[in-house]
1. Based on this model, can you work out whether Arg69 counts as at pLDDT below 70 and either of a type in the set (D, E, K, R) or over 18 Å from the mean Cα position of the chain (by Cα) (or both)?
2. Looking at segment 36-56, which of its residues are exposed (fewer than 11 other Cβ atoms within 10 Å of the Cβ) and in a loop (DSSP other than H, G, I, E, B)?
3. Would you call Glu8 surrounded by 10 or more Cβ atoms within 10 Å (Cβ to Cβ) and over 22 Å from Tyr58 (Cβ atoms)?
4. Just the residues that are loosely packed, with under 12 Cβ neighbours inside 10 Å and in a loop (DSSP other than H, G, I, E, B), please, taken from segment 22-35.
5. Quick check: anything in segment 30-40 out of contact with any Pro (no Cβ under 8 Å at 6 or more places or on another chain) and touching a residue at least 24 places away in the same chain (Cβ under 8 Å)?
Amino acid sequence: MMIDLSLERKGKRTPLRFAYARMVNAGYTGRNQAEVRRHIEELAKKGIPGPPTTPTLYPVFAAPWSRTRRLRSTAAKLAEKPSMCS
């Protein structure tokens, strides 16, 4: 499958087109692994089991991605958000 994206930075738009075989959403990610572990322990206290490993990859089906034309993110927050492509 193909996906068309564009990168907007400092008023300049760069088109990006690439092929992909699958998409995944990465959960339990973060720059501070101690905070990730704290969050997992917090969830465990509420009866929500933690993942066997971190980060945890969840398959994503491509259909929902075709419903929006724009996805915003900032570089500062990107490392804390789920990954969109693999």
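The values are calculated or read from the model by the stated rules, or taken from the named source; none is laboratory data. Remember, it's a predicted structure, so these values are computed and weren't measured experimentally. With ideal geometry, Cβ positions are generated from the backbone for all residues, glycine too; neighbour counts draw on all protein chains shown.
1. Considered against the rule, which asks whether it is at pLDDT below 70 and either of a type in the set (D, E, K, R) or over 18 Å from the mean Cα position of the chain (by Cα) (or both), Arg69 comes out as yes.
2. Hits for segment 36-56 are Lys46, Gly47, Ile48, Pro49, Pro52, Thr53.
3. Judged against the criteria, Glu8 is a match.
4. Arg31, Asn32
5. yes
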